[in-house]
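The structure appears below as structure tokens.
The values are calculated or read from the model by the stated rules, or taken from the named source; none is laboratory data. Because the structure is predicted, anything quoted here is derived from the model rather than measured. In this analysis, Cβ positions are derived from the backbone assuming ideal geometry, glycine residues included, and neighbour counts consider all displayed protein chains. Note: accessible area is taken over every heavy atom of the protein model, side chains too, but ligands, DNA and RNA are not part of it. Shrake-Rupley method; radii C 1.70, N 1.55, O 1.52, S 1.80 Å.
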Amino acid sequence: MPELPEVEALADHLRRRAVGHQVGRVEVAAINALKTYDPAPDAAVGRTVTDAGRHGKFLDVVFDGDLHLVVHLALAGWLHYRESFPSAVPLRPGKGPIALRVRLDDGSGFDLTEAGTQKSLAAYLVTDPAQVPGVARLGPDALDADLATFTERLRSRRGQVKGVLTDQQVLAGVGNAYSDEILHAAKLSPFALTGRLTEAQLATLHEATRRILGDAVTRSVGQRAAELKAEKRSGLNVHARTGLPCPVCGDTVREVSFADSSLQYCPRCQTGGKPLADRRLSRIVR
């Protein structure tokens, strides 16, 4: 799933390439991906792209006249910028992975695509990003929260730190992959309880969050969209590296699997050398 660094890099690419260009046409190929009907997609036609940004993991394409295309890329969504399109023929609804296409006045534009069969990509055309329910519920941005805010937000939700760190209402922008990396850098078990974290542990976790996300943004911004996924994988120490040696200590990276997700961690770095039981309610390490 695209997380804060990748979405920031996509926004940066749109700022550099699309800003200043007028929308020539908006084509919706996946009706279920567009979650709003007023304003209609044609409301963007003739408007100029003035900015691009993000709200947590939501991408925000801004047009003049206070119009926003807000997108959540979900698990398998992506943005592909095209310098040109192979055909001027409008997309046919229901055909292929493209959910929505925006054509600009210079012949370029971008496609919002989604792989797989579980279609969860969501696009909203709104006059205010706060009209998007997911945006309205977001907590402070994970890169903007100072230590006091970070501590208050983590303590506001009791639970295992992995789940709290990825709760977008607590902090916006951290997902499954970067939470694994942050907890590894902070030397914390993913099952540690937020209510039992010391002030020193919270300070270390805050520093790790800022460093891991900041480094990932630095590596990602300026990359072509097609290179972002590979760039993300190249910077991971534990996530998606089950069975490989930990780059820090050499221990074997382990995994805990759930019904629809998994987490990875290093026992020596994070759990005192003890493997976690591979079940959701493990109580081996706190």
**Prompt:** Restricting the first residue to the range 124-135 and requiring it to be part of a strand (DSSP E or B), which pairs with a second residue that is open to solvent by 20 Å² or more (accessible area, probe 1.4 Å) meet a Cβ separation below 6 Å and a spacing of at least six or different chains?
**Reply:** 124/35; 124/36; 125/36; 125/39; 126/68
**Message:** Can you find, within the range 29-84, the residue that is nearest to residue 102 (Cα to Cα) among those that are polar (S, T, N, Q) and in a loop (DSSP other than H, G, I, E, B)?
**Reply:** 84
**Message:** open to solvent by less than 10 Å² (accessible area, probe 1.4 Å), modelled with pLDDT of 95 or more and not acidic (Asp, Glu): is that true of residue 136 in this structure?
**Reply:** no
**Message:** Condition (residue is under 16 Å from the mean Cα position of the chain (by Cα) and either more than 24 Å from residue 77 (Cβ to Cβ) or of a type in the set (Phe, Trp, Tyr) (or both)) applied to the range 178-193: is it met by at least one residue?
**Reply:** yes
**Item:** Of all residues making up the range 18-28, the number that are closer than 23 Å to residue 114 by Cα, among the aliphatic types (A, V, I, L, M) and either in a helix (DSSP H, G or I) or open to solvent by 10 Å² or more (accessible area, probe 1.4 Å) (or both)
**Value:** 2
**Item:** Any hit, the range 29-48, residues being within 25 Å of residue 141 (Cα to Cα) and among the basic types (Lys, Arg)
**Value:** yes
**Item:** the range 85-106, residues that are under 30 Å from residue 261 (Cβ atoms), touching a helix residue (DSSP H, G or I) at 6+ places or on another chain (Cβ under 9 Å) and assigned to a strand (DSSP E or B)
**Value:** 99, 100
**Prompt:** Quick one: which of 220, 257, 179, 234 is crowded, with 21+ Cβ neighbours inside 10 Å and modelled with pLDDT under 95?
**Reply:** 220
**Request:** Determine which single condition residue 247 fails, assuming it passes every other condition in (1) of a type outside the set (S, T, N, Q); (2) part of a helix (DSSP H, G or I); (3) open to solvent by 30 Å² or more (accessible area, probe 1.4 Å).
**Result:** (2)
**Prompt:** Does residue 111 count as crowded, with 20+ Cβ neighbours inside 10 Å, under 15 Å from the mean Cα position of the chain (by Cα) and of a type in the set (Asp, Glu)?
**Reply:** no
